[in-house]
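S.K.: Below is the structure I would like to discuss, written out as C-alpha cells.
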Amino acid sequence: MPDYMFLLESRLSPEQRAAMLRVQELAAVLGFNVYLTGGTVRDLITGANLRDLDFTVEGNPSKMARELEKGGAKVLSEDEKLRHVELLFAGDVEGSISAARDEHYVRPGTRPEIRWSTIMEDLRRRDFSLNAIAISLNPASRGLLLDPTNGLSDIEHGEVRALSIHSFTNQPVRLLRALRLAARMGFKLESRTQEWFNLAIERELQLTITPEDAGEEVRSLSREERPQLILKEWEEGDLLELVHPILAKKHPGYDAINRLIKVRDDLYMAGFRPRLATPMLLAIFSRLKDRELSNTLSKLGYRSAEIEAIEKFPEKALDIQKELAGKKTKTPIDAYRYIEKIPMEYVAYLLAESSNSAALSKLKAFLHKWRPVRQALPIVATELEALGMPRGPKFDQIVQDVFAIQLNGRAKTPEERVKILRKLSGIKEPPKKKEKEKKPAKAEKHVETPAEKKAAAAEKHATHERHKAGMKAAAAKHKGKK
Ligand code: ATP
Ligand code: MG
C-alpha cells in the first residue's frame, strides 16, 4: 500500500498540516472517527493543488467546530440539518467537516432522506468514484485508503464515473458537475456514465436543476483555476442556459477570464496565491450589464450582502486606482505602503482591467521590483548589526529608511549600503589600518554581548581622547591611571 500519510504530509502546507493535526486530535478526544474525503483526497492522488481540506466524521461535527473556534478557526457557514460546517482554519486554511451520511431518495430528483452513517456508506452515496475515496486519520489505521467504488482505478484511466444509474436522475446538478470535473481534470466521462448522461439530457432532466444548485456550481466555477474550459463544455452541451439564459445568449467573458488568468499566473510567480472568486465571477459575467448581473446572481441564490459586495467590487477597485494615480502614493515608499495593504484580489483585478498607466506601473513595480527588495531587507538588518548597531526601535527605523532609499533605486550594492548605514546610524569608519595592526585581536572581535559593547564604547572613547590630547599625553594619562 502506498504511504498516503507520507504523501499527504509532504503535500500539505505547514498551515494545512497544523489544521489537520488539530482536527485529528479533537476527533480522538471526542471519540469520533475522522477521515479526509472528497476533493482533498482526489487532488492529493492526482497531484493537483490542495485547495481545501474536506473532513468527514462519524459523529456530529458541531462540537468540533466550537472547539476549533476557540482555537482561532472561523466558522464560515454551518448547516445544522446536514451537519456540515465550512471553516477557515488559522493561517487562512479553507476546509469543511461533515457528518458521514447516507441518502435515500424516496422519489428521484427530490431531496433525499438523510441517515447518519459510517464512512463506507457515506462514500457510496457520493456522485463520482473519484470523489468517493477517503484517507483514515484514526490512530489505528492512519493513512489507510478507503476506496469502496474503485475510484483510484478511474483516476488512473482518466475517467469520471457516476456511481449509479440513478445518479443524474437523483441529482440533475451532477450533469453540470460531471462536465466541470471532466473539463478541469482533462478526463472523459466513462462510457456507461456518458450513456446515463445522454439519457438524462434526452429526458430534459437538466431543466429540473434548481437555480440554487446551479448557483452552487457558479460559485465553484468562479473558484476554478481554468473556468473557461468548463464554460466551453457547458456551452457545447447547451447547459449554460441553466446557469442563466442571458449568460448563454451573451456568452461568458472569455477575454476577461484570460486576462485575469494571465495576471494570476504572474502573481503566482511573484509568490502570491490570491483568492480570485469575485474578480473571476465578474470576468465570467463581464458581458452582462450591472442590472443583469445582480438579477442573475439573485436568481442563483446569492445572498443580497454577497451581491452587494460583488457589485461594489469594481467601484472599490476604481477608488484604489485613483489613490494609485494620486499624490498620496507619489513616492515609491508611499506607494509600497499603500499597495501592501490592498487585498490582492483588487491588485489582480486592476492589473487585468485597468488602463490607468500610473496605477499599473506602480502595481507592477510593487510585484516585480519592490517586493523582492522588501524580501531582501533582512540582509540590510544583518549589515547594520555587523556595524555594531544594537537592535531596537532606532535600528528598525534605519532599516526602513534604507528600504525607502532602495525603492528609489539606490543602495543596491553592499558597499553603497554600508556607507548609507554608517551615515544614518552615526557609526564612523573603523580606525585606520595602523591602529588595527596594533590591536589585531580586538579589531577582529565581533561585538556581541553588552559587556563587549561597553568595552568597545570605552575603547572608542579612549581612542578619541588619544587623538585629541596627542599620543604622548595620552600615554602619560594611561600610565598615571595604572
Ligand atoms: P472542489 O475542489 O471544487 O472543492 P470537491 O470535490 O471537494 O471539489 P465539493 O463541492 O467541495 O467539491 O464537494 C465535496 C465532496 O462532496 C465531493 O468530492 C463529493 O464527494 C461530494 N459531493 C459534492 N456534491 C455532490 C453531489 N451533488 N452529489 C454527491 N456527492 C457530492
Ligand atoms: Mg472541496
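S.K.: Do you know which of the residues in the stretch 124-144 that are in contact with a strand residue (DSSP E or B) (Cβ under 6 Å, 6 or more places away or on another chain), surrounded by fewer than 22 Cβ atoms within 10 Å (Cβ to Cβ) and not basic (Lys, Arg) is farthest from residue 58 (Cα to Cα)?
M.R.: 144
S.K.: For residues that are basic (Lys, Arg) and touching an Asp or Glu at 6+ places or on another chain (Cβ under 7 Å), scanning just the stretch 181-200, find the one that is most open to solvent (accessible area, probe 1.4 Å).
M.R.: 188
S.K.: Let me ask another. Within the stretch 70-109, count every residue that is assigned to a strand (DSSP E or B), in contact with a Pro (Cβ under 7 Å, 6 or more places away or on another chain) and open to solvent by 40 Å² or more (accessible area, probe 1.4 Å).
M.R.: Number of matching residues: 1.
S.K.: Let me ask something else about it. What's the number of the only condition in (1) modelled with pLDDT of 95 or more; (2) over 17 Å from residue 84 (Cα atoms) that residue 109 fails to meet?
M.R.: Checking residue 109 against (1) modelled with pLDDT of 95 or more; (2) over 17 Å from residue 84 (Cα atoms), the one that fails is (1).
S.K.: Does residue 35 qualify as being among the aromatic types (Phe, Trp, Tyr), within 16 Å of ligand 1 (Cβ to nearest atom) and either more than 19 Å from the chain's Cα centre (by Cα) or surrounded by fewer than 22 Cβ atoms within 10 Å (Cβ to Cβ) (or both)?
M.R.: When the stated conditions are applied, residue 35 passes them.
S.K.: Sticking with this one: Take residues that are touching a residue at least 40 places away in the same chain (Cβ under 8 Å) and exposed (fewer than 14 other Cβ atoms within 10 Å of the Cβ) and tell me which of the helices (runs of 4 or more DSSP H) falling wholly in the stretch 237-326 contain 1 or more.
M.R.: 254-269
S.K.: Evaluate the following for residue 162: is it modelled with pLDDT under 95 and more than 29 Å from the chain's Cα centre (by Cα)?
M.R.: No: the conditions fail for residue 162.
S.K.: Test residue 406 against the stated conditions and say whether it is free of Cβ contacts under 8 Å to residues at least 24 places away in the same chain, of a type outside the set (Gly, Ala, Ser) and more than 30 Å from residue 289 (Cβ to Cβ).
M.R.: no
S.K.: Could you list, in sequence order, all residues of the stretch 41-66 that are within 14 Å of ligand 1 (Cβ to nearest atom) and assigned to a loop (DSSP other than H, G, I, E, B)?
M.R.: 47, 48, 49, 50, 51
The values are calculated or read from the model by the stated rules, or taken from the named source; none is laboratory data. On a predicted model such as this, the values are computed, not experimentally measured, just so you know. We place every Cβ from the backbone using ideal geometry, glycine too, and count neighbours over all the protein chains shown. The accessibility values were calculated without ligands, DNA or RNA, using every heavy atom of the protein model including side chains. Shrake-Rupley method; radii C 1.70, N 1.55, O 1.52, S 1.80 Å.
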